[in-house]
1. Identify all residues within the range 182-203 that are outside any helix (DSSP H, G or I) and within 22 Å of the chain's Cα centre (by Cα); write none if there are none.
2. So how many residues does the range 216-270 have that are farther than 29 Å from Glu173 by Cα, in a strand (DSSP E or B) and among the aromatic types (Phe, Trp, Tyr)?
3. Could you grab me the full set of residues in the range 136-163 that are modelled with pLDDT under 95, closer than 27 Å to Ser26 by Cβ and not acidic (Asp, Glu)?
4. Checking the conditions here, which among Tyr262, Tyr244 is touching a Lys or Arg at 6+ places or on another chain (Cβ under 6 Å) and not charged (D, E, K, R)?
5. Which residues, taken from the range 1-58, are of a type in the set (Asp, Glu), crowded, with 16+ Cβ neighbours inside 10 Å and modelled with pLDDT under 95?
6. Among the listed residues Ile179, Ile218, Ile209, Ile240, identify the single one that is surrounded by 17 or more Cβ atoms within 10 Å (Cβ to Cβ) and either aliphatic (A, V, I, L, M) or more than 18 Å from the chain's Cα centre (by Cα) (or both).
7. Got at least one residue in the range 52-74 being charged (D, E, K, R) and farther than 21 Å from Trp116 by Cα?
8. Taking the conditions exactly as written (among the aromatic types (Phe, Trp, Tyr) and assigned to a helix (DSSP H, G or I)), does Tyr129 satisfy them or not?
Amino acid sequence: MNIMPIEFKEINTFQQFEEITALQKSIWNLSDSDIISTISLKALSLKYPLMGLIMGAYQENKLVAFVICMPTREPSTLYGLIMGVLPEFQKQEIGNKLGIKILEKCLQQGITKMCWTFDPLDSALGHLYLNKWGAVAAKYEKDFYQLVDEQNSQIPQDRFVVDCNLNSNRVIERINRKIEPQSLKEAIQQYPIATENYFPDTTEVLVKIPFNYSKLKIENPKLAITYRMQTRAIFDEYIIKRKYFVATMLMDEIEGERQYFYLMEKRSYI
């Protein structure tokens, strides 16, 4: 089966902006009030004054993925506001390749740091940001968003804030895949596992997150909320109070179950 090539390019026309607004509905079923409008997209695409950065992935002139970045008041820093890939094009490395294109474009423009936010219970994004791009999560924000769509309106929207220092050895090594994460089976033997009632006092600690949280939110919202509050207690204790950071997502098949854990650490990550 031949897979058509993907073309990556900057987005700066109103037709392209309209394609992005349509994709936001297709991917997440967002309400009109939650969608980033074409007016905002135009402002973020300005070259003078130089504002943000918007890029898209196209297959046969069809937009299949996009990323929107905003300027910040931090020196040489860009904020990744949102990234989306159409469901039928997911698991094809398109999001990873699009993100790396953004990082390369940042360096060309003298930007040396990218920041992102993502749901800590989204294992796919954890793997992408931490393992593939070398970002680290040293901040945890409770109730970061208030979304009104059916899937998310009842679930607290907590987020990791991650930093990606583009010139660091950590980022360079992970983008070039020179370092692979530790085996989960090995890590479970080596590090304690924190729970909402157990906070071990060690420099490294594991925390388990659910498999396929997006599906869980639809099929069992009550259990999804339970997972949110349990992990919130752990992240609050370690990241907010003890100043740990999260730099690695570990995953493996254990006893017939696909399992996902973060490894939290207390040391310098620069």
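The values are calculated or read from the model by the stated rules, or taken from the named source; none is laboratory data. Fair warning: this is a prediction, and the values are worked out from it, not measured in the lab. Positions of Cβ are generated from backbone atoms using ideal geometry, with glycine treated the same way; all protein chains shown enter the neighbour counts.
1. Gln182, Ser183
2. Count: 0.
3. Within the range 136-163, Phe144, Tyr145, Gln146, Leu147, Val148, Gln151, Asn152, Ser153, Gln154, Ile155, Pro156, Gln157 qualify.
4. Values: Tyr262 fails: touching a Lys or Arg at 6+ places or on another chain (Cβ under 6 Å).
The conditions single out Tyr244.
5. Scanning the range 1-58 gives a single hit, Asp34.
6. Testing whether each residue is surrounded by 17 or more Cβ atoms within 10 Å (Cβ to Cβ) and either aliphatic (A, V, I, L, M) or more than 18 Å from the chain's Cα centre (by Cα) (or both) leaves just Ile209.
7. Step one: list which residues in the range 52-74 are charged (D, E, K, R), which gives 60, 62, 73-74.
Still in the running and farther than 21 Å from Trp116 by Cα: 60, 62.
Yes: the range 52-74 contains one or more residues that are charged (D, E, K, R) and farther than 21 Å from Trp116 by Cα.
8. Taking the combined requirement at face value, the residue satisfies it.
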